[in-house]
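First up is the structure itself, then whatever we jot down about it.
The values are calculated or read from the model by the stated rules, or taken from the named source; none is laboratory data. Every value quoted in this text rests on a predicted model; they were computed, and no experiment measured them. When we count neighbours, we look across all protein chains shown, and the Cβ atoms used for this are built from the backbone with ideal geometry, even at glycine. The accessibility values were calculated without ligands, DNA or RNA, using every heavy atom of the protein model including side chains. Shrake-Rupley method; radii C 1.70, N 1.55, O 1.52, S 1.80 Å.
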Amino acid sequence: MHTPRLTRQCSRCGRARPFASSDRFRVNAQARRLDVWLIYRCETCESTFNLTVHTRVSPASLGATVERYHQNDPELAWDVAFDARLIGGAGSVEEVPFRVEIPPAKAPFAVRLGFERPFRARLDRVLMAGLGMSHSRLAALVESGRIVTADRRALRRSAAPGQVVYIADDPTMPGL
Ligand SMILES: [Zn+2]
């Protein structure tokens, strides 16, 4: 597991390259205001790029988080690296590998999606991973009403926290 890489122009390489988070912050204090960045490195030439986290904020407004930036708190570095609001404009965001856990249950049951960290993945990919099936099988089960989503197009859109999917029949049963 790793944080999403950001592909952007690298000035030293002279072309677009993936940059990976170093999990380290840079904090700059000036006139009682703080600038905070998360440092990324070009995977090819190690050039750095600083992702803006805060610009000219008062330390008081950050509270105890200031110390976590200074100490390169890894949990905080991951929160930033998955924050769509911060990384969205900095480059094209890689889709990261993910793991889906569905507790054992007997059909019929409903699955409510929860995310450990926010990330983008299509609902069909999440269900394929969670139920361990191919795309064509998933599509057939949805078509026949054995797996029910909000509407047909939901499968092709990003999975959302809190989204509910109904499993009407045991999808692992042969012959379904
Ligand atoms: Zn480079």
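A few remarks follow.
- Number of the condition not met by Arg68 [criteria: (1) over 25 Å from Cys42 (Cβ atoms); (2) at pLDDT 90 or above; (3) open to solvent by less than 70 Å² (accessible area, probe 1.4 Å); (4) touching a Leu at 6+ places or on another chain (Cβ under 9 Å)]: (3)
- Selection over the range 33-53 of residues that are under 15 Å from Arg85 (Cα atoms) and either open to solvent by 30 Å² or more (accessible area, probe 1.4 Å) or outside the structural domain of His70 (by TED's automatic domain parsing) (or both) gives a count of 2.
- The range 123-138, residues that are open to solvent by less than 40 Å² (accessible area, probe 1.4 Å) and of a type in the set (A, V, I, L, M, F, W, C): Leu123, Val126, Leu127, Leu131, Met133, Leu138
- Residue satisfying condition, being surrounded by fewer than 17 Cβ atoms within 10 Å (Cβ to Cβ), in contact with a Ser or Thr (Cβ under 6 Å, 6 or more places away or on another chain) and farther than 19 Å from Leu51 by Cα, within set Arg120, Arg156, Arg152: Arg120
- When the residues of the range 122-137 are filtered to those that are in contact with a helix residue (DSSP H, G or I) (Cβ under 9 Å, 6 or more places away or on another chain), part of a helix (DSSP H, G or I) and of a type outside the set (Asp, Glu), the one that is nearest to Pro161 (Cα to Cα) is Leu123.
- Flag for Arg12 being open to solvent by 40 Å² or more (accessible area, probe 1.4 Å) and within 20 Å of the chain's Cα centre (by Cα): no
- The range 17-32 - residue that is surrounded by 19 or more Cβ atoms within 10 Å (Cβ to Cβ) and within 16 Å of the ligand (Cβ to nearest atom) and, of those, nearest to the chain's Cα centre (by Cα): Ser21
- The number of residues in the range 89-121 that are within 24 Å of Cys10 (Cβ to Cβ), in contact with a helix residue (DSSP H, G or I) (Cβ under 8 Å, 6 or more places away or on another chain) and part of a loop (DSSP other than H, G, I, E, B) comes to 1.
- Scanning the range 71-91 for residues that are more than 14 Å from Pro118 (Cβ to Cβ) and open to solvent by 70 Å² or more (accessible area, probe 1.4 Å) yields Gln71, Pro74, Glu75, Gly89.
- Check on Arg85, in contact with a strand residue (DSSP E or B) (Cβ under 6 Å, 6 or more places away or on another chain) and either in the same structural domain as Leu155 (by TED's automatic domain parsing) or modelled with pLDDT under 95 (or both): no
- Residue list for the range 33-46, restricted to those being within 24 Å of the chain's Cα centre (by Cα) and within 10 Å of the ligand (Cβ to nearest atom): Arg41, Cys42, Glu43, Thr44, Glu46
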